[in-house]
Structures are given as C-alpha cells and as structure tokens.
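S.K.: Dumping the structure here so I can ask a few things about it.
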Amino acid sequence: MEPIVLDCGIRAIKEKWDAALALTHDNKAEVNYANHFSLASFDIIGALGFGQRFHALRDNTSKIIDWVQSTAMLCGLRIIFKDVQAFPARLFTKKLVKDVDEFVAFSNAATERRKDELSRGLIEKPKDILQAMIDAEDPNSKIKMTRSQITAENIAFLLAGTDTTSLTLSWTIHYLMLHPQIYQKAVDEVRSRFPRHHLITYAEGKAQLPYIEACIYESLRIRGVTGTMFARVVPKGGATFQGYFLPGGTQINVNVAGANHHQQTWEAPRRFMPERFIKNEAAKHDVLTFSSGVRICPGRKLAFYEMMTILANLLKDYDIAMSEDSLFVPERLDANGYPMVMPRAQNLTVGPKYPDRDCRILISAAEY
Ligand code: HEM
C-alpha cells in the first residue's frame, strides 16, 4: 500500500508546495499546512478504499469530502432524531441523505468494478484496502464480506482515518514551530541521514529517524486528536478497578487526555518534550490516543506510514517558519511558562479552531 500512500501523500504535497514556490521570486511562499494535510488524507484513504484517485489536494476540493462530511452530520443527527427521513428532521437532512445515498452507490460500484476487472483479467490484483476486504475470509466459516459490509467499512475508514491523521500532523508542525530548538533537532536528524532528492519511505524513517518519530508520539500525547471519552461497559459480574468495585452494566468513560497528561506517568506533562520517547518503548505504549485493548485503532500503522513519510520528507526538503503575523510564537508564553498553543475546536476530533488564521507557514526550498 505504501506506493499509494507516498503518491497521494508526500509526493502530492511536495508538488503543491513546489508549485507555490515556483510562483514567487524570493524562494518563499505561504501555505496552509492543515488544509493540505486534510486534503491529502482524503486522497490517501479514498485511493486505498476505492481504488481511484480523487485529487482533492490538487483541486482543493472533492466530492468525497462532501460525502464524508454529510455522513458524519447525519450520524450526529440520528442521535437527536429517531427517523432522520421523517418530518421535521427531513427539513435538515434531505441533502445529507442524498449525499449518503450517492456515497453508498459510489462505493458499491467501486467494489463491483474491481471484481469485474479482476475476473476479466484486465488488471493485476492491486494491494489496497478494497482488495484486502474483497479477499478477506472468516477462517472458520470461510464466509467473505458482502458488498454492503465492504461499503460500511470503507465509510468507517474515511470517517475514522482522515481527520485523525491529518490533525496529528498539523499539531506536530504547530508544536515544532513553537519550539525552534526541537524543530532544528528534527531537521538536523533527517538532513544528516538522507540526501536532498531522496524520498524517505516509512521503513527508512522508522529505522533512522527516532527523533522525528518521537515528535509524532509527543504530539499524539500532548494534543491527542481523539476528542471523545472512550465509552466502555463493565461486563456481567462486575469488575474491581483500582480498588473500586463497578457493577456489571455500568458505563464508564476513559478520559484519554487525562491519561496522556497524568503526572504519575509523565514528567512535566504540559511540556512538549519528544526526548521522553527516545529509547523508551514503554512510554509509546502509555500514549492512549489510539486507544488500547480489543478496540485499539486498526489503522494506527497506516496512520504512521502517512505521518512519518510526510513529516520526514517535508522537514528534509523545506525550511519552515511561522507566518510573520502569527499570533502564536515561541516567546508568547502561557500561565505555565510554555509557548502558548493555538486554540482548539473540540468535536469528535480535536483540531485547530481557526486553521485559516493559525496554520499558515512560510516555506522555502531547503539547500543543504
Ligand atoms: C493519528 C491517527 C489516528 C488516531 C489517533 C486514531 C484513533 C482511534 C481510536 C482512539 C479508536 C478507538 C476508539 C475507541 O476505543 O472507542 C479508533 C478506532 C478506529 N480507527 Fe483509528 N485513528 C487514527 C487513524 C486511523 C486510520 C488511518 C484508519 C483507517 C484508515 C483508522 C480506522 C479506525 C477504525 C475503522 C476504527 C474502529 C475500530 C473498531 O470498531 O473497533 N484510524 N481510532
């Protein structure tokens, strides 16, 4: 799957940034990284799940983004209204329902087309999520996934795997800009290990860039993008948890941000300090942002493929600085004495509240 991740991710972002630089005379251009990471994440998951390119980053928009947004809104409205197609709910949901119907039809058609092309020998078997689901088989019953199940999973991947990954990358860039020494250390690491025109793959990054990986872990910890509590139900018979007995059926909620900032686990939890993850595998397991146990995020490895290849290559190939009018700079400190962080919007995921204002950076092609 990595070729698709590289093509729709780092290669496409570099194309966009190089095009922005080509329009300037002083090797300096302003870009909005949050916007670009978001569009690229839709292109990646869309390509892996449907076997087609959506070019959201190239075109600054795509039908697939509207579909995903409508689906998320409709899911939310279903909590309020029992029947979203009955009056009065349908006044709000008509367009959303239409979008979701289109989305489902599109996904069903993508599965049918893939099966047809394979059966007629028109294509080699692709290595992507769509193919993995078509081939998947229950080991006991040998039952395969139905077309509707594949569509449902594909929609779940787009809902769960786009914002989460792109927002983590955005927070990482923001924290690096607020901590120039950490930014410089990450840049020095990648530039000392890879030449200018080399495209770093995930395996190369994982093996040779421990500091950049640590920056991603620290970003996942300090500003975990999973905004909700993880809801769980205590099994029948109850359970004793840290000395407290909880009866079966009790709903409990795991506070992710609380765990990621717990003072007994983390030294100076409010401080952005990637060093805490260097030569410390145990600390990586203490970050709860991907959850834990049987419901742990199944897309976490894919997310790291995206985040590592995008971050490592961008830090290698571009010098990055905050926009000159940025409100959040290393010298502006919060009450704890740490650089003040841009405000966040707390929805299903946690992202910048004002990305158009706060996620602009100046880039220039690196020379080294
Ligand atoms: C930085 C990126 C990501 C973060 C922080 C993240 C976080 C999470 C978390 C916390 C959960 C579990 C929620 C719970 O325990 O109730 C979850 C579930 C899930 N994630 Fe991710 N995720 C990320 C990327 C991805 C990607 C790239 C994909 C796939 C394309 C993906 C697909 C899923 C799916 C399908 C589930 C539901 C699994 C289930 O029903 O048990 N995620 N994710």
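S.K.: Please work out the FRET efficiency for the pair Asp356 and Arg147, using the Cβ-Cβ distance as r and a Förster radius of 30 Å; give the result to the nearest 0.05.
M.R.: 0.15
S.K.: I've got another one for you. What residue among Phe92, Phe230, Phe106 shows peak mean-square fluctuation when the chain is described by a Gaussian network model with Cα springs under 10 Å?
M.R.: Phe92
S.K.: Which is farthest toward the positive dipole end of region 60-170 among Leu158, Phe87, Pro126, measuring Cα position about the Cα centre, with Cβ charges +1 (Lys, Arg) and -1 (Asp, Glu)?
M.R.: Toward the positive end, the furthest listed residue is Phe87.
S.K.: From the residues Ile310, Ser291, Ile320, which one has its Cα farthest along the dipole of region 283-325 in the positive direction, the dipole being from +1 and -1 charges on Cβ of Lys/Arg and Asp/Glu about the Cα centre?
M.R.: Going by the charge dipole, the pick is Ser291.
S.K.: So how far apart, in nm, are the two label points at Asn336 and Lys95 if each is 7 Å from Cα heading toward Cβ?
M.R.: Modelled inter-label distance: 4.0 nm.
S.K.: Please give the per residue accessible area of region 266-368, computed with a probe of 1.4 Å over protein heavy atoms only, in Å².
M.R.: 53
S.K.: Next question. Using a basic spin-label model with each label point 7 Å from the Cα along Cα→Cβ, how many nm lie between Val294 and Ala132?
M.R.: 2.1
S.K.: Then there is this: Quickly work out the Asp18-to-Ser192 label distance, labels modelled 7 Å from Cα along the C-beta direction, and quote it in nm with one decimal.
M.R.: Simple spin-label model gives 2.8 nm for this pair.
S.K.: Additional query: Return the single residue from Pro235, Pro339, Pro269 with maximal mean-square fluctuation; model: Gaussian network over the chain, springs between Cα atoms under 10 Å.
M.R.: Largest GNM mean-square fluctuation: Pro235.
S.K.: Show me 344-355, 303-314 ranked by packing, highest mean number of other Cβ atoms within 10 Å first.
M.R.: My ranking of the peptides, most packed first, is 303-314, 344-355.
S.K.: Under the classification rounded if a/c is under 1.5, otherwise prolate if a/b is larger than b/c and oblate if not, where does region 66-177 fall, given a ≥ b ≥ c as square roots of the Cα gyration tensor eigenvalues?
M.R.: Taking the square roots of the gyration eigenvalues as a ≥ b ≥ c, region 66-177 is oblate.
S.K.: Next question, about the same structure. Is it possible to state the helix-based mean residue ellipticity at 222 nm for the chain, with each DSSP H run of 4+ residues giving -39500 (n - 2.57), the sum divided by total residues, to the nearest 500 deg cm²/dmol? What is it?
M.R.: -16000 deg cm²/dmol
S.K.: If you take every residue apart from Met322 with its C-beta less than 10 Å away from the C-beta of Met322, what net charge results, scoring Lys and Arg +1 and Asp and Glu -1?
M.R.: -2
S.K.: Moving on. Checking the a/c ratio against 1.5 first, then a/b against b/c, what shape does the Cα gyration tensor give for region 256-334?
M.R.: It is oblate, given that a/c is not under 1.5 and a/b is not larger than b/c.
S.K.: Fully extended, how many nm does the chain gain between Ile80 and Ile252 (0.36 nm per residue separation, minus their Cα-Cα distance)?
M.R.: Value of the extension gain: 59.7 nm.
S.K.: With a cap of 14 neighbouring Cβ atoms within 10 Å, and only residues DSSP puts in a loop, list the trypsin sites (Lys or Arg not before Pro) found in region 53-124.
M.R.: Qualifying residues, ordered by number: Lys82, Arg120.
The values are calculated or read from the model by the stated rules, or taken from the named source; none is laboratory data. Being a predicted model, the structure only gives us computed values, none of them experimental. Please note: Cβ atoms are built from the backbone with ideal geometry, for glycine as well, and neighbour counts cover all protein chains shown. These accessible areas exclude ligands, DNA and RNA; they are computed on the full protein's heavy atoms, side chains included. Shrake-Rupley method; radii C 1.70, N 1.55, O 1.52, S 1.80 Å.
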